[in-house]
Amino acid sequence: MSSLTLAIIVVFIIGYFFIAIESVTEINKAAIALLMCVVCWSLFMMSPESYISADNVIAEVGEKIKMSLGETGETLFFLMGAMTIVEIVDSNGGFNFVRDTIKTRSKRKLMWRIAFMSFFLSAILDNLTTSIVMIMVLRKLVQERKERLLYAALVIIAANSGGAFSPIGDVTTIMLWIKGVITTQGVITEIFIPSLVSMVIPALILQYYLSGKFDKEQNLKVAEVSAFTKTQRNIIFWLGVGGLCFVPIFRSLTNLPPFMGILLVLGILWTVTEIFHRSTDEEDTMAKRVTELLTRIDLSTILFFLGILMAVSCLEHIGVLTALGESLDQISHGNHYLVTGIIGVLSSIVDNVPLVAGAMGMYPVAAVGDMAVDGIFWQLLAYCAGVGGSMLIIGSAAGVVVMGLEKITFGWYLKRITWIAFVGYLCGMFSYWVLRTFIFA
């Protein structure tokens, strides 16, 4: 390992450390992520010929940065589009329907309703969008911040678990699905129960942190809505949520990136709300027009994503992730449960996308056996990479966006939730072993 490679790794570790202790340093994690990204790539540029074999090394590095930025930009535009759509629906009373459906005065009943709705909604939409929607609903149902943080943590776990058993529920399952190493029927049939277990076990533990009922007025309070009629609010809700459901269909029909589908839905919803606003009082609705709502988007979360993903991309280009995967394979001696289990734990530390991409490049698809289509390795990879991200709050897109929306600190989550998510993760893997050994053998 060269000194420059070691320096890049050290910079990443130091940056990650300062992100982890954000609550102590009181320095925004986005600032650290951006610094980490720039320093990593600057070190890369000090000796690019060490990593790239090309006649024009500088031009090749520029192409790699553009390629990485393009891939990162897809995630960022998807995030911004989804956040804006949810904000539009929420500001105009669209989520009152969801709120009224799951509301209850019992704290434990609400927890279970939130858990199952997040779980199944994530399989239809994706864990990122589901987390945004459910946090918006939680803000209407739970006014006490300490209690809402527990619900928010369960949303992260449930959304990641729900995304793991669906081919369109998580970025990594989409990658594996498109690659052809898992099928829709296979992943739903054999990963559903492990994913459900990984959500139910943490929920069973977390319910003991909650007891009693909400104050009569607390979570049944009706939030003020816009001047729109009930019909108009329902149209906005179904256009927003239905549009998000349509995104994977749009992708399969056009083969365009998912963020294009999000922009399509945003454009339609924006147009419809502008038409509705024409018949209302300008003074009453200006604050709820999309042009104003765009200013509420959490830009620091977007920049944090940018810094983290670009820094991880640098690690990928210098070969660190690939080398790590090869080391795991040697240590495990071909034990797929151990390899994928470790990848799942690592996915809570670094982005699971390059980890899965590295694993896909390292291991060829076999005709039969554990490495065949819907084989143990690929299905476990889908489960572990998705569910493993719940162990740290920065381990998944769902966790990062909830961290930004609810201002949850890394330390709070690490102390109270990590061990709970880890127990659920292991129980899910055990249930998969039982299924593959005694039922699907």
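Of V86, V11, all but one fail to be open to solvent by less than 60 Å² (accessible area, probe 1.4 Å) and either touching a strand residue (DSSP E or B) at 6+ places or on another chain (Cβ under 8 Å) or free of Cβ contacts under 8 Å to residues at least 60 places away in the same chain (or both); the exception is V11. Residues being over 17 Å from W270 (Cα atoms) and buried (at least 20 other Cβ atoms within 10 Å of the Cβ): count how many of those fall in the stretch 73-83. Selection size over the stretch 73-83: 1. Of all residues in the stretch 402-418, those that are closer than 16 Å to M136 by Cβ, open to solvent by 10 Å² or more (accessible area, probe 1.4 Å) and either touching a His at 6+ places or on another chain (Cβ under 8 Å) or of a type outside the set (D, E, K, R) (or both) total 1. If you go through the stretch 20-39 and keep only what is modelled with pLDDT of 80 or more and open to solvent by less than 30 Å² (accessible area, probe 1.4 Å), you end up with K29, A30, I32, A33, M36, C37. Restricting the search to the stretch 165-188, which residues are open to solvent by 30 Å² or more (accessible area, probe 1.4 Å), assigned to a helix (DSSP H, G or I) and among the aliphatic types (A, V, I, L, M)? Matches in the stretch 165-188: V171, I174, M175, I178, I188. The condition (being open to solvent by less than 10 Å² (accessible area, probe 1.4 Å) and either at pLDDT 80 or above or part of a helix (DSSP H, G or I) (or both)) is satisfied by just one residue among S122, S42: S122.
Residue-level analysis places P248 among those that are modelled with pLDDT under 80, open to solvent by less than 60 Å² (accessible area, probe 1.4 Å) and under 20 Å from the mean Cα position of the chain (by Cα).
The single condition from (1) part of a helix (DSSP H, G or I); (2) surrounded by fewer than 23 Cβ atoms within 10 Å (Cβ to Cβ); (3) at pLDDT 80 or above that Q143 fails is (1). The set of residues in the stretch 189-209 being among the hydrophobic types (A, V, I, L, M, F, W, C) and either touching a Pro at 6+ places or on another chain (Cβ under 6 Å) or open to solvent by 10 Å² or more (accessible area, probe 1.4 Å) (or both) consists of F192, I193, L196, V197, V200, I201, L204, I205.
The sole residue among L324, L303, L220 that is modelled with pLDDT of 80 or more and open to solvent by 30 Å² or more (accessible area, probe 1.4 Å) is L303.
The values are calculated or read from the model by the stated rules, or taken from the named source; none is laboratory data. Keep in mind that what you see is a predicted model, and the values were worked out from it rather than measured. Note that we place each Cβ from the backbone using ideal geometry, even for glycine, and neighbour counts take in every protein chain shown. To get the accessible areas, we keep the full protein, side chains included, count just its heavy atoms, and leave off ligands, DNA and RNA. Shrake-Rupley method; radii C 1.70, N 1.55, O 1.52, S 1.80 Å.
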